[in-house]
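Everything below concerns the one structure shown next.
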Amino acid sequence: MMHANEKPSRRERRNSKLRGAFYRHCRNWHAYLSAFAFVALMFFSATGILLNHPEWFAEDAEPEMTTVSLSPERLVAVRTAPDIPHALVEAIEAEVTLRGVISDAYVDGDSVTIRMQGVRGSSDIFADLQSGTAEVGIQRAGVVTVLNELHRGVMSGTVWRLFIDIVAGLVLALSLIGYLLFFSLRFRLRTSIALTTLSVALVVGLFVAFVP
(Lines give C-alpha, C1' and ligand atoms only; values in the text may rest on other atoms or scores of the structure.)
Protein backbone atom coordinates (compact mmCIF):
# COMPACT_ATOMS: atom_id res chain seq x y z
CA MET A 1 0.00 0.00 0.00
CA MET A 2 1.38 3.40 -0.99
CA HIS A 3 1.49 6.24 1.57
CA ALA A 4 0.28 9.73 0.69
CA ASN A 5 3.79 11.16 0.42
CA GLU A 6 5.15 8.30 -1.70
CA LYS A 7 5.43 8.66 -5.46
CA PRO A 8 4.09 5.83 -7.62
CA SER A 9 6.75 3.56 -9.04
CA ARG A 10 7.62 3.48 -12.71
CA ARG A 11 5.76 0.18 -13.09
CA GLU A 12 2.67 1.58 -11.41
CA ARG A 13 2.78 4.67 -13.60
CA ARG A 14 3.13 2.51 -16.71
CA ASN A 15 0.24 0.26 -15.68
CA SER A 16 -1.92 3.29 -14.94
CA LYS A 17 -1.06 4.79 -18.32
CA LEU A 18 -1.83 1.56 -20.16
CA ARG A 19 -5.11 1.19 -18.30
CA GLY A 20 -6.09 4.74 -19.15
CA ALA A 21 -5.19 4.20 -22.82
CA PHE A 22 -7.22 0.96 -22.90
CA TYR A 23 -10.36 2.61 -21.56
CA ARG A 24 -9.85 5.61 -23.83
CA HIS A 25 -9.75 3.32 -26.86
CA CYS A 26 -12.84 1.52 -25.57
CA ARG A 27 -14.72 4.83 -25.38
CA ASN A 28 -13.58 5.78 -28.89
CA TRP A 29 -14.60 2.44 -30.40
CA HIS A 30 -17.87 2.57 -28.50
CA ALA A 31 -18.61 5.94 -30.11
CA TYR A 32 -17.55 4.78 -33.60
CA LEU A 33 -19.62 1.61 -33.49
CA SER A 34 -22.62 3.43 -32.04
CA ALA A 35 -22.96 5.60 -35.15
CA PHE A 36 -24.00 2.60 -37.24
CA ALA A 37 -25.07 -0.03 -34.71
CA PHE A 38 -27.76 2.08 -33.07
CA VAL A 39 -29.54 2.67 -36.39
CA ALA A 40 -29.50 -1.06 -37.16
CA LEU A 41 -30.50 -1.87 -33.59
CA MET A 42 -33.54 0.41 -33.81
CA PHE A 43 -34.56 -1.23 -37.10
CA PHE A 44 -34.34 -4.78 -35.77
CA SER A 45 -35.97 -3.79 -32.48
CA ALA A 46 -38.94 -2.19 -34.26
CA THR A 47 -39.38 -5.09 -36.68
CA GLY A 48 -39.06 -7.49 -33.74
CA ILE A 49 -42.12 -5.82 -32.17
CA LEU A 50 -43.99 -6.12 -35.48
CA LEU A 51 -43.13 -9.82 -35.67
CA ASN A 52 -44.40 -10.29 -32.13
CA HIS A 53 -47.74 -8.63 -32.99
CA PRO A 54 -48.69 -9.69 -36.55
CA GLU A 55 -52.34 -8.80 -35.87
CA TRP A 56 -51.53 -5.09 -35.70
CA PHE A 57 -50.98 -4.72 -39.44
CA ALA A 58 -52.62 -7.77 -40.97
CA GLU A 59 -52.27 -7.90 -44.76
CA ASP A 60 -54.82 -10.12 -46.49
CA ALA A 61 -54.77 -8.84 -50.08
CA GLU A 62 -55.81 -11.39 -52.68
CA PRO A 63 -53.16 -12.55 -55.15
CA GLU A 64 -53.25 -11.12 -58.66
CA MET A 65 -54.22 -13.87 -61.10
CA THR A 66 -53.18 -13.79 -64.74
CA THR A 67 -52.91 -16.23 -67.66
CA VAL A 68 -49.76 -16.34 -69.76
CA SER A 69 -49.66 -17.95 -73.19
CA LEU A 70 -46.16 -18.92 -74.29
CA SER A 71 -45.18 -18.44 -77.91
CA PRO A 72 -44.34 -21.62 -79.86
CA GLU A 73 -40.64 -20.71 -79.80
CA ARG A 74 -40.59 -20.18 -76.02
CA LEU A 75 -42.64 -23.32 -75.45
CA VAL A 76 -40.14 -25.43 -77.40
CA ALA A 77 -37.27 -23.84 -75.48
CA VAL A 78 -38.93 -24.68 -72.16
CA ARG A 79 -39.82 -28.27 -73.12
CA THR A 80 -36.27 -29.03 -74.27
CA ALA A 81 -34.49 -27.22 -71.42
CA PRO A 82 -32.43 -29.32 -68.96
CA ASP A 83 -34.03 -27.37 -66.10
CA ILE A 84 -37.69 -26.95 -67.06
CA PRO A 85 -38.84 -24.95 -63.97
CA HIS A 86 -36.14 -22.27 -64.34
CA ALA A 87 -36.66 -22.10 -68.11
CA LEU A 88 -40.40 -21.72 -67.57
CA VAL A 89 -39.90 -18.93 -65.04
CA GLU A 90 -37.63 -17.07 -67.48
CA ALA A 91 -40.21 -17.43 -70.23
CA ILE A 92 -43.06 -16.17 -68.04
CA GLU A 93 -40.99 -13.25 -66.73
CA ALA A 94 -40.76 -12.02 -70.31
CA GLU A 95 -44.51 -11.40 -70.03
CA VAL A 96 -45.16 -10.52 -66.37
CA THR A 97 -43.14 -9.48 -63.34
CA LEU A 98 -42.92 -12.32 -60.86
CA ARG A 99 -42.11 -12.11 -57.16
CA GLY A 100 -39.62 -14.31 -55.33
CA VAL A 101 -37.26 -17.09 -56.33
CA ILE A 102 -38.07 -20.76 -56.85
CA SER A 103 -38.54 -22.51 -53.53
CA ASP A 104 -40.38 -25.60 -54.79
CA ALA A 105 -41.07 -27.08 -58.22
CA TYR A 106 -42.78 -30.21 -59.48
CA VAL A 107 -42.85 -31.56 -63.02
CA ASP A 108 -45.30 -34.33 -63.95
CA GLY A 109 -45.29 -34.91 -67.68
CA ASP A 110 -46.61 -31.73 -69.28
CA SER A 111 -47.83 -30.28 -65.96
CA VAL A 112 -45.51 -27.98 -64.03
CA THR A 113 -46.16 -26.49 -60.60
CA ILE A 114 -43.80 -23.86 -59.23
CA ARG A 115 -43.80 -22.00 -55.93
CA MET A 116 -41.68 -18.84 -55.67
CA GLN A 117 -41.02 -16.95 -52.44
CA GLY A 118 -39.13 -13.79 -51.58
CA VAL A 119 -39.09 -10.70 -49.43
CA ARG A 120 -41.13 -8.67 -51.93
CA GLY A 121 -43.81 -11.32 -52.34
CA SER A 122 -44.53 -14.74 -53.80
CA SER A 123 -45.70 -16.33 -57.03
CA ASP A 124 -47.50 -19.58 -57.85
CA ILE A 125 -47.32 -21.02 -61.35
CA PHE A 126 -49.46 -23.81 -62.78
CA ALA A 127 -48.43 -24.51 -66.37
CA ASP A 128 -49.49 -26.92 -69.08
CA LEU A 129 -46.61 -27.49 -71.50
CA GLN A 130 -48.94 -29.16 -73.97
CA SER A 131 -51.04 -26.06 -74.60
CA GLY A 132 -48.38 -23.54 -73.54
CA THR A 133 -50.62 -21.75 -71.04
CA ALA A 134 -49.72 -20.91 -67.45
CA GLU A 135 -51.93 -19.69 -64.63
CA VAL A 136 -49.92 -17.31 -62.47
CA GLY A 137 -50.86 -15.97 -59.05
CA ILE A 138 -48.73 -13.11 -57.75
CA GLN A 139 -48.89 -11.99 -54.12
CA ARG A 140 -47.18 -8.65 -53.62
CA ALA A 141 -45.92 -8.08 -50.08
CA GLY A 142 -46.89 -4.95 -48.18
CA VAL A 143 -44.45 -2.70 -46.34
CA VAL A 144 -44.89 -4.46 -42.99
CA THR A 145 -44.40 -7.90 -44.55
CA VAL A 146 -41.23 -6.70 -46.28
CA LEU A 147 -39.87 -5.35 -42.99
CA ASN A 148 -40.70 -8.59 -41.19
CA GLU A 149 -38.99 -10.70 -43.85
CA LEU A 150 -35.91 -8.47 -43.70
CA HIS A 151 -35.82 -9.09 -39.96
CA ARG A 152 -36.08 -12.86 -40.40
CA GLY A 153 -33.54 -12.99 -43.22
CA VAL A 154 -34.75 -16.43 -44.32
CA MET A 155 -35.65 -15.44 -47.89
CA SER A 156 -33.57 -12.28 -48.18
CA GLY A 157 -30.54 -13.72 -49.97
CA THR A 158 -26.91 -14.26 -49.05
CA VAL A 159 -25.88 -10.58 -48.98
CA TRP A 160 -28.65 -9.51 -46.60
CA ARG A 161 -28.00 -12.49 -44.30
CA LEU A 162 -24.34 -11.48 -44.22
CA PHE A 163 -25.46 -7.94 -43.34
CA ILE A 164 -27.50 -9.34 -40.43
CA ASP A 165 -24.42 -11.24 -39.21
CA ILE A 166 -22.34 -8.06 -39.39
CA VAL A 167 -24.97 -6.06 -37.51
CA ALA A 168 -25.21 -8.75 -34.83
CA GLY A 169 -21.42 -8.79 -34.49
CA LEU A 170 -21.25 -4.99 -34.20
CA VAL A 171 -24.02 -4.84 -31.58
CA LEU A 172 -22.31 -7.62 -29.63
CA ALA A 173 -18.98 -5.78 -29.81
CA LEU A 174 -20.69 -2.54 -28.78
CA SER A 175 -22.28 -4.25 -25.79
CA LEU A 176 -19.02 -5.88 -24.69
CA ILE A 177 -17.09 -2.62 -25.00
CA GLY A 178 -19.79 -0.81 -23.05
CA TYR A 179 -19.60 -3.46 -20.36
CA LEU A 180 -15.81 -3.12 -20.20
CA LEU A 181 -16.26 0.61 -19.64
CA PHE A 182 -18.03 -0.24 -16.37
CA PHE A 183 -14.65 -1.29 -15.03
CA SER A 184 -13.32 2.23 -15.57
CA LEU A 185 -15.95 3.51 -13.14
CA ARG A 186 -14.73 1.89 -9.95
CA PHE A 187 -17.37 3.48 -7.73
CA ARG A 188 -20.07 1.89 -9.92
CA LEU A 189 -18.45 -1.49 -10.44
CA ARG A 190 -20.30 -3.25 -7.63
CA THR A 191 -23.63 -1.83 -8.81
CA SER A 192 -22.90 -2.88 -12.39
CA ILE A 193 -22.09 -6.45 -11.40
CA ALA A 194 -25.22 -6.63 -9.25
CA LEU A 195 -27.40 -5.36 -12.12
CA THR A 196 -25.80 -7.85 -14.52
CA THR A 197 -26.51 -10.72 -12.15
CA LEU A 198 -30.09 -9.53 -11.69
CA SER A 199 -30.61 -9.23 -15.47
CA VAL A 200 -29.35 -12.76 -16.12
CA ALA A 201 -31.52 -14.11 -13.29
CA LEU A 202 -34.57 -12.27 -14.69
CA VAL A 203 -34.12 -13.71 -18.20
CA VAL A 204 -33.60 -17.23 -16.87
CA GLY A 205 -36.58 -16.83 -14.52
CA LEU A 206 -38.88 -15.69 -17.33
CA PHE A 207 -37.84 -18.65 -19.45
CA VAL A 208 -38.33 -21.20 -16.68
CA ALA A 209 -41.61 -19.78 -15.44
CA PHE A 210 -43.46 -18.68 -18.58
CA VAL A 211 -42.01 -20.31 -21.72
CA PRO A 212 -43.93 -23.53 -22.56
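Accessible-area rank, largest first, for ILE49, ILE164: ILE49, ILE164, with all protein chains present and a 1.4 angstrom probe. Each peptide among 130-143, 191-204 gets the average number of other Cβ atoms lying within 10 Å of its residues, and from highest to lowest they stand as 130-143, 191-204.
Explain nothing, just the number: relative contact order of region 58-212, from Cα pairs under 8 Å at least 6 residues apart, as a whole percent. Please list the in-between numbers first.
Details: 178 pairs, mean separation 27.3, N = 155.
With pairs under 8 Å counted, the relative contact order is 18 percent.
Working note: Cα atoms of region 58-128, range along each principal axis, descending, whole Å: 43, 21, 17.
The fraction of accessible area contributed by carbon and sulfur in region 55-212 is 63 percent, rounded to a whole number (1.4 Å probe; ligands and nucleic acids excluded). If you wrap the Cα atoms of region 113-212 in a convex hull and average its projected area over all directions, you get 10.9 nm².
Placing +1 at every Lys and Arg Cβ and -1 at every Asp and Glu Cβ, with all other atoms neutral, what dipole size does region 38-138 have around its Cα centre, in debye to the nearest 20? Spell out each step's value before the answer.
Details: 5 positive and 16 negative charges, 69 e Å.
It works out to roughly 320 debye.
Each residue was assigned an accessible area with a 1.4 Å probe, and for PHE207 the value is about 130 Å². Two decimals is fine: what is log10 I(q)/I(0) at q = 0.10 Å⁻¹ for region 22-177, from a Debye sum with one equal scatterer on every Cα and no solvent? Scattering profile of region 22-177, log10 relative to I(0): -0.53.
The values are calculated or read from the model by the stated rules, or taken from the named source; none is laboratory data. Predicted model, so just to flag it, every value in this text is computed and none were measured. Methodologically, a virtual Cβ is constructed for each residue, glycine included, from the backbone with ideal geometry; neighbour enumeration extends over all protein chains shown. Note: accessible area is taken over every heavy atom of the protein model, side chains too, but ligands, DNA and RNA are not part of it. Shrake-Rupley method; radii C 1.70, N 1.55, O 1.52, S 1.80 Å.
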